[in-house]
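This report refers to the structure that appears directly beneath it.
A short reminder: the numbers here are calculations on the coordinates, not readings from a lab. Predicted model only: the values in this text are computed from it and were never measured. Cβ placement follows ideal geometry from the backbone for every residue including glycine, while neighbour counts extend to all protein chains displayed.
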Amino acid sequence: MIIVNSEKLNQLNSISTNDLYILTDFDGTITKDNSDSSWSSIFKNPKVSKKFVNECIKIFNHYHKFEIDESLSIAKKNSIMNEWYRKNIETLINFNVTEEMINYASNNESIMDFRTGAVKFLEAMNNKNIPIIVISAGVGNIIEQFLIKNNCNYPNIYICSNFLEYENGIVKSVKDNNLIHPLNKNEVFLPENIKSKIENRSNIILLGNSISDIKMAEGNKNVFKLGFLDENIEERLQSFKDNYDIICTNNTGYDEIKKKVKILN
Ligand SMILES: [Mg+2]
């Protein structure tokens with residue numbers, strides 16, 4: 001199901017592709033809601049220890065409920081998310097997770113799964129020269145490898161995410177010690193080469209699957225927000241309606257979206 005604010009949709013369909021760029025989340029937005037995320041894909045590797053998997057599941061079960069609780073204050077949620085993501089990185093380091101284990105997910109097709117039509121959508125945006133900036137609290141290395149594997153790591157795509165750094169093939173840190181978690185996507189520092197690609201473009205299509213994803217475009221005008229709502233739909237629908245212009249439920253594919261949002265064709 002797709003719920004649209006028709007006034008906003010008409011505006012969106014009337015803008016020029018030269019005056020547009022896309023800010024998008026990755027996990028659950030470019031991929032399906034029921035796909036493994038770039039984080040959870042790490043423990044699908046048969047070579048990781050049972051102990052590591054149990055620890056990851058324990059951490060996820062403790063923190064994920066706060067992520068989808070729209071009643072928590074932003075400040076409270078921010079500190080909980082920060083704690084969660086620090087713990088994720090610490091766990092990779094403590095369990096000596098290797099580069100090979102990290103790359104496993106992106107090299108195995110059955111783990112992460114694109115939304116229907118997502119690959120074609122990325123291709124179309126590249127053909128139209130519309131920049132796509134992925135801002136993800138996931139694992140940058142996995143996202144990048146996944147796009148490469150699927151022949152869609154196009155030159156118009158820029159990934160801002162948690163890039164793991166290795167020492168002797170073992171995870172040692174996050175690049176620049178710059179941790180992106182679900183609540184600090186407004187603080188992401190875009191490198192100059194990315195900024196220069198978007199400086200003359202004044203319209204943004206934002207794609208996300210949580211309320212906090214709208215932070216990606218904080219402070220910008222002319223933002224058209226499309227939200228994927230696949231979990232706890234009834235409880236979260238009002239809050240999505242308050243924050244997004246277009247709401248897509250039940251694993252809506254990009255081919256469906258393109259029927260309404262013509263500019264994405
Ligand atoms: Mg997401």
| query | Past the 22 Å Cα-Cα mark, which pairs from LYS128/LYS195; LYS76/LYS221; LYS8/LYS185; LYS47/LYS77? | reply | LYS76/LYS221; LYS8/LYS185; LYS47/LYS77
| field | Volume in Å³ per residue [convex hull over Cα atoms, computed for the chain] | value | 123
| query | What do you get for Rg/Rh over region 15-69 if you use C-alpha atoms and the Kirkwood form of Rh? | reply | 1.18
| task | Quote to one decimal, in nm, the extra length available between SER71 and GLU231 on full extension: 0.36 nm per residue of separation minus the C-alpha distance between them. | result | 56.1 nm
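About the Cα centre of region 110-214, what is the dipole size in debye to 20, counting +1 per Lys and Arg Cβ and -1 per Asp and Glu Cβ, all else neutral?
Details: 10 positive and 10 negative charges, 65 e Å.
In total the dipole reaches around 320 debye.
Run the numbers on the chain and let me know its relative contact order in percent, using alpha-carbon pairs under 8 Å that are six or more apart. Present the calculation step by step, with values, prior to reporting the outcome.
Working: 447 pairs, mean separation 77.4, N = 265.
Relative contact order, the chain: 29 percent.
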| Label MET1 and SER239 with points 7 Å out from Cα along Cα→Cβ: what is the distance between them in nm? | 1.8
| message | Going 7 Å from the Cα of ASN251 along its beta-carbon direction, which residues of region 1-43 have the amide nitrogen within less than 12 Å of the resulting point? | response | 32-36
| task | Note down the net charge around VAL53, summing +1 for each Lys or Arg and -1 for each Asp or Glu among other residues with Cβ under 14 Å from its Cβ. | result | +3
| query | Farthest toward the dipole's positive end in the chain, which of LEU23, ASN61, ILE257, given Cβ charges of +1 (Lys, Arg) and -1 (Asp, Glu) about the Cα centre? | reply | ILE257
| If you place +1 on the Cβ of every Lys and Arg, -1 on the Cβ of every Asp and Glu, and leave all else neutral, what size is the dipole of region 2-264 about its Cα centre, to the nearest 20 Debye? | 240
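Net charge near LEU9: determine it from the other residues with C-beta under 13 Å of the C-beta of LEU9, scoring Lys and Arg +1 and Asp and Glu -1. Don't skip to the answer; put the middle values down first.
On the way: positive: LYS8, LYS225, LYS258, LYS259, LYS260, LYS262; negative: GLU7, ASP245.
So the surrounding residues net to +4.
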| task | Under 20 Å from a label point 7 Å along Cα→Cβ of ASN129: give me every residue in region 183-217 with its amide N that close. | result | 193-205
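Test of the criteria: in region 22-55, which trypsin sites (Lys or Arg not before Pro) are in a DSSP loop and have at most 10 other Cβ atoms within 10 angstrom of their Cβ?
Hits after loop and neighbour filter: LYS47.
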| Helix-only CD estimate at 222 nm, as mean residue ellipticity for the chain, using -39500 (n - 2.57) per DSSP H run (n ≥ 4) | -11500 deg cm²/dmol
| query | How many nm separate the modelled label positions at ASN18 and ASN94, each set 7 Å beyond the Cα in the direction of the Cβ? | reply | 5.5
| query | Taking amide hydrogens as modeled 1.01 Å from N in the peptide plane, which residues meet the under 5 Å criterion relative to GLU165, leaving out close sequence neighbours? | reply | LYS172, SER173, VAL174, LYS175
